[in-house]
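Single-structure report; data block below.
The values are calculated or read from the model by the stated rules, or taken from the named source; none is laboratory data. Because the structure is predicted, anything quoted here is derived from the model rather than measured. Neighbour counts are summed over all protein chains in view; Cβ atoms, including those assigned to glycine, are modelled from backbone coordinates with ideal geometry.
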Amino acid sequence: MGSVKDLLVLNPAYENQPGVGNFVFSDRYSVFDWGEMPDHITAKGRALAVMAAFNFEQLERRGIRTHYQGLVGSSGKLVRFDDLSEKSGGLATMQVSLARVYSPIVREFWNGEHVEVQYDYTFFERHRGRINNYLVGLEIIFRNGLPLGSSVFKRIDRAKQLADGKQRSAEVARILKELGVKEPPQPGQMLPAPVMSYTTKLEAGDRELSRKQAYRLSGLPRRAFNTLDSLALRVNSAITEQAERTGFAHYDGKIETVWNSGLLVCDVIGTFDENRFAFQGQQISKEVLRQWYKRNQPEFASACEKWKKTGPGWQKNCDVKPRNLPADFATLASQMYMSGCNRYTGRQVFDSPPLEQVMERLGSYDT
């Protein structure tokens, strides 16, 4: 079970034969890598499944390989996005092809204050180019802009806190150069061109990686690794173009991949949980939930930031637990997912108010 969706394995995956599985999208949500939060957001799972199906089918039309097979109807028959009827409420289960998962070796040691964790990727280096149908242990991130809550602002803040003035200036300048801007950016600012970066996929938290580090742990042949950026940019373009057609700004997102005699896009793409969007100047993504906790329970966000560095299972030891959302705010969040899905896909799959009304109510919510 994942924090927001479950995987049911129908046929296991082998090195040269993909398996078959069903993603069951739940109404759970997760912020700050906590895992399942105390509330559920009604219809969120179905809205995300429908958006993901729509986007995967858009990629298919562009000739991009994915692990997507279709949505699963009540009879078990696979259903395409165009088969969904108006106000049907969508479907919460998606069938996908499965790959093997080879995890890095986890090593723990005491640093004098707490247990630290190191990850050993020797297996991937040793077997580079000789393993097939496996999940690549990377998240490839694309940034078109910098919404409130972007990790880029944390990086800039950390750089500004360096004690050595020369080092501080150099690090800030390096980050600005990466972003293609000359002045420190502001929340909501769009970038001149998409910026790519990498983080780990198979660790307790997302660890930022240099391109060299990403190649080392990927296990991919050099030629395949060199195509990751262009693949991510093609996915980004598909989502950005659809967003612009339907009135959204598309700030950022990511892809995950499988290597099976070539790269396939896997997991989920282009939803309000995987990517960050804005509509009429307001964010429309799970960042809305993140920001509620930052405003109303800031000690929880801080505790998560501290404890996740201690490795797997940190949630049990964390000394601050999340509060419940107010019921009326949870209802608005539910409508945000449903109405946003309707708007993005151009179909009234959900019986929900127009997105403009929902976002106006969210914008004036002050608790």
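Just one of the listed residues (Gly247, Gly270) is crowded, with 22+ Cβ neighbours inside 10 Å, in the same structural domain as Glu15 (by TED's automatic domain parsing), among the small types (Gly, Ala, Ser) and at pLDDT 95 or above, and it is Gly270. The single condition among (1) free of Cβ contacts under 8 Å to residues at least 12 places away in the same chain; (2) within 18 Å of the chain's Cα centre (by Cα) that Leu135 does not meet is (1). Counted as qualifying within segment 104-183 are the strands (runs of 3 or more DSSP E) with 2 or more residues that are assigned by TED's automatic domain parsing to the domain that holds Asn16 and surrounded by fewer than 17 Cβ atoms within 10 Å (Cβ to Cβ), namely 105-110, 115-120.
In this structure, Ser334 qualifies as outside any loop (DSSP other than H, G, I, E, B) and under 20 Å from Phe272 (Cα atoms).
Of everything in segment 15-29 that is over 16 Å from the mean Cα position of the chain (by Cα) and assigned to a strand (DSSP E or B), the residue that is farthest from Ser97 (Cα to Cα) is Val24.
Yes or no, residue by residue, for (1) crowded, with 19+ Cβ neighbours inside 10 Å; (2) over 28 Å from Trp307 (Cα atoms):
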{"position": "Asn11", "(1), (2)": "no, yes"}
{"position": "Asn16", "(1), (2)": "no, yes"}
{"position": "Phe23", "(1), (2)": "yes, yes"}
{"position": "Ser30", "(1), (2)": "no, no"}
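Number of residues in segment 82-103 that are under 15 Å from Val72 (Cβ atoms), within 19 Å of the chain's Cα centre (by Cα) and either among the charged types (D, E, K, R) or part of a loop (DSSP other than H, G, I, E, B) (or both): the value is 1. Of all residues in segment 319-338, those that are assigned by TED's automatic domain parsing to the domain that holds Ala49 and at pLDDT below 95 have Cβ atoms under 7 Å from Cβ atoms of residues that are surrounded by 14 or more Cβ atoms within 10 Å (Cβ to Cβ) and of a type in the set (Gly, Ala, Ser), 6 or more apart or on another chain, in Asp319/Ala303. In segment 276-285, of all residues being more than 22 Å from Gln348 (Cβ to Cβ) and touching a helix residue (DSSP H, G or I) at 6+ places or on another chain (Cβ under 8 Å), the one that is modelled with the highest pLDDT corresponds to Arg276. Can you find a residue in segment 28-42 that is in contact with a strand residue (DSSP E or B) (Cβ under 6 Å, 6 or more places away or on another chain) and hydrophobic (A, V, I, L, M, F, W, C)? No; the residues of segment 28-42 include none that is in contact with a strand residue (DSSP E or B) (Cβ under 6 Å, 6 or more places away or on another chain) and hydrophobic (A, V, I, L, M, F, W, C). Taking first residues from segment 1-26 that are closer than 19 Å to Ile131 by Cα and partners that are of a type in the set (Lys, Arg), the Cβ contacts under 8 Å between residues at least 6 apart in sequence or on separate chains come to Ala13/Arg100; Tyr14/Arg100; Glu15/Arg100.
Per-residue answers, yes or no, for (1) hydroxyl-bearing (Ser, Thr, Tyr); (2) surrounded by 22 or more Cβ atoms within 10 Å (Cβ to Cβ); (3) in contact with a helix residue (DSSP H, G or I) (Cβ under 7 Å, 6 or more places away or on another chain):
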| site | (1), (2), (3) |
| --- | --- |
| Arg223 | no, no, no |
| Leu228 | no, yes, no |
| Val235 | no, yes, yes |
| Asn296 | no, no, no |
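Among the residues of segment 343-356, the ones that are more than 23 Å from Arg290 (Cβ to Cβ) and part of a helix (DSSP H, G or I) come to 1 in all. Of all residues in segment 318-332, one or more are within 30 Å of Glu108 (Cα to Cα) and among the aliphatic types (A, V, I, L, M). Scanning segment 35-58 finds one or more residues that are part of a loop (DSSP other than H, G, I, E, B) and under 16 Å from the mean Cα position of the chain (by Cα).
Taking each residue of segment 231-244 that is in the same structural domain as Thr66 (by TED's automatic domain parsing) and among the charged types (D, E, K, R) and looking for partners that are outside any helix (DSSP H, G or I) and buried (at least 17 other Cβ atoms within 10 Å of the Cβ) with beta-carbon atoms closer than 8 Å, six or more apart or interchain, yields Arg234/Ile64; Glu244/His250.
Gly70 falls short of the stated requirement of being under 30 Å from Trp314 (Cβ atoms), touching a strand residue (DSSP E or B) at 6+ places or on another chain (Cβ under 8 Å), assigned by TED's automatic domain parsing to the domain that holds Val320 and not in a loop (DSSP other than H, G, I, E, B). Among the residues of segment 220-259, which ones are closer than 19 Å to Thr199 by Cβ and of a type in the set (S, T, N, Q)? Passing the criteria: Asn226, Thr227, Ser230, Asn236, Thr257.
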